[in-house]
Amino acid sequence: MSAARLYYDDAGLEFRAVVADIRLDSQDASGQLWQVALDRTAFYPRGGGQPWDTGVLTATAKSGAVLEAPVERVEEDEAGEVWHYVRKPLVAGTEVVGQVDAERRMDHAQQHSGQHLLSAMFVRELGAKTVSFHLGAESVTIDLAVERLSEDELRRVETAANREVYADRALRPRWVSREEAEAMLARGELRKLPERDGPMRIVEMEGVEFNACGGTHVASTGAIGAILIRRVEKVKQGQRVEFCCGLRAVRAAGRDLALLRQTAGLLSVGAGDVPARVEKLLAEVKASAKELKRLGKPAGA
Ligand SMILES: [Zn+2]
């Protein structure tokens, strides 16, 4: 039997559980990596474009000895079992306290809720549909089924998304039957449905959209903090938009500013004058190269 998923109902990040199963990870060369299944878990396993939660499982022996097992990775297998990867062998039947790393969870929730909002704004403002989503440690991207995106369009979507951030719209997950989800699709409330059968988790962003999604989210759009679009590149299926939300956006803006200041310092100009100064330098380099070539030519040639 697979574990009860506490993260679906946002039941908190600390929980009690019993070790249901443990096995050695045969892929790991150290021979010291175990996969632990619990009867219930608040750890999100990798899936739906979102990485896994990390944290700790703590077991207390009858003697009072405490065993802390950091959770490095969490994966769901094809049978739907959630496996927590730890480097301490926990005994089946033992009670453990699980603690999910709050900062990592919040970061993932901000990026994922930000993605729902940004994708909804791309549809509302430009009719551009999101075909895939990737949440990485470094970057977050969506691929849009459009040929091109202008700078003006990007800023319009970014502004619309940030306005919905301050409108602080509630995010409400709920379960519906496959039939109900299909009816929502027919009414145009849902844009797409996953292919599997059975009940489906629908995340409502109040006044914005419904989305069939099993990921972890913030409670309302205000907690996304901010949405910053950083880069666009052409990919096979359309345009890839890289963005970040929350503290990632603040840090990214800070890093960009530091780079700009450093460059401006090297050129001895104000930040706003960097492009003009670089342009002038490049023109000078080109002219010098031309002059050198001319001087290097043998006389009379
Ligand atoms: Zn989602």
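The values are calculated or read from the model by the stated rules, or taken from the named source; none is laboratory data. Everything numeric in this text was worked out from a predicted model, so none of it was measured. Here the Cβ is made from the backbone with ideal geometry for all residues, glycine too, and neighbour counts use every protein chain on show. Areas reflect the complete protein model, heavy atoms only, side chains present, ligands, DNA and RNA absent. Shrake-Rupley method; radii C 1.70, N 1.55, O 1.52, S 1.80 Å.
So which of Ala65, Ala59, Ala69 ends up being small (Gly, Ala, Ser) and touching a Ser or Thr at 6+ places or on another chain (Cβ under 6 Å)? Quick ask: steps written out before the conclusion?
On the way: Ala65 fails: touching a Ser or Thr at 6+ places or on another chain (Cβ under 6 Å); Ala69 fails: touching a Ser or Thr at 6+ places or on another chain (Cβ under 6 Å).
Testing whether each residue is small (Gly, Ala, Ser) and touching a Ser or Thr at 6+ places or on another chain (Cβ under 6 Å) leaves just Ala59.
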May I ask you to say which residue of Arg196, Arg191, Arg187 is in contact (Cβ under 8 Å) with a residue 60 or more places away in the chain, on the phi < 0 side of the Ramachandran plot and open to solvent by 70 Å² or more (accessible area, probe 1.4 Å)? Arg191
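Which one is least open to solvent (accessible area, probe 1.4 Å), of the residues in the range 129-158 that are polar (S, T, N, Q) and away from the ligand (no atom under 16 Å from the Cβ)?
Within the range 129-158, the subset polar (S, T, N, Q) is 130, 132, 139, 141, 150.
Restricting the remaining residues to those that are away from the ligand (no atom under 16 Å from the Cβ) gives 139, 150.
Values: Ser139: 36, Ser150: 52 Å².
Applying the filter and picking the extreme gives Ser139.
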Restricting to the range 42-68, what's the tally of residues that are crowded, with 21+ Cβ neighbours inside 10 Å and either basic (Lys, Arg) or over 21 Å from the mean Cα position of the chain (by Cα) (or both)? 1
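Table: residues versus (1) within 16 Å of the ligand (Cβ to nearest atom); (2) part of a strand (DSSP E or B); (3) in contact with a strand residue (DSSP E or B) (Cβ under 8 Å, 6 or more places away or on another chain).
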site: Leu190; (1), (2), (3): yes, no, yes
site: Leu193; (1), (2), (3): yes, no, yes
site: Arg201; (1), (2), (3): yes, yes, yes
site: Glu204; (1), (2), (3): yes, yes, yes
site: Phe210; (1), (2), (3): yes, yes, yes
site: Thr216; (1), (2), (3): yes, no, yes
site: Leu228; (1), (2), (3): no, yes, yes
Among the residues of the range 100-109, is there at least one that is within 16 Å of the ligand (Cβ to nearest atom), in contact with a strand residue (DSSP E or B) (Cβ under 7 Å, 6 or more places away or on another chain) and basic (Lys, Arg)? no
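Per-residue answers, yes or no, for (1) under 30 Å from Asp53 (Cβ atoms); (2) at pLDDT below 95:
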site: Ala223; (1), (2): yes, no
site: Ile227; (1), (2): yes, no
site: Gln237; (1), (2): yes, yes
site: Leu259; (1), (2): no, no
Candidates Ala253, Ala264, Ala258, Ala276 - the one that is under 30 Å from Ala145 (Cα atoms) and either open to solvent by less than 40 Å² (accessible area, probe 1.4 Å) or part of a helix (DSSP H, G or I) (or both): Ala253
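Return the residues of the range 129-151 that are in a loop (DSSP other than H, G, I, E, B), touching a residue at least 60 places away in the same chain (Cβ under 8 Å) and small (Gly, Ala, Ser); say none if nothing qualifies. Let's see the steps before the verdict.
Going through the range 129-151, the residues in a loop (DSSP other than H, G, I, E, B) turn out to be 129, 136-139, 145-150.
This time we only want the ones that are touching a residue at least 60 places away in the same chain (Cβ under 8 Å), so: 129, 136-137, 139, 145-149.
The answer is Gly136, Ala137, Ser139, Ala145.
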Hey, among the residues in the range 7-19 that are surrounded by fewer than 17 Cβ atoms within 10 Å (Cβ to Cβ) and at pLDDT 95 or above, which one's farthest from Gly98 (Cα to Cα)? Val18
Among (1) under 24 Å from Ala212 (Cα atoms); (2) open to solvent by 30 Å² or more (accessible area, probe 1.4 Å), Val82 falls short only on (2)
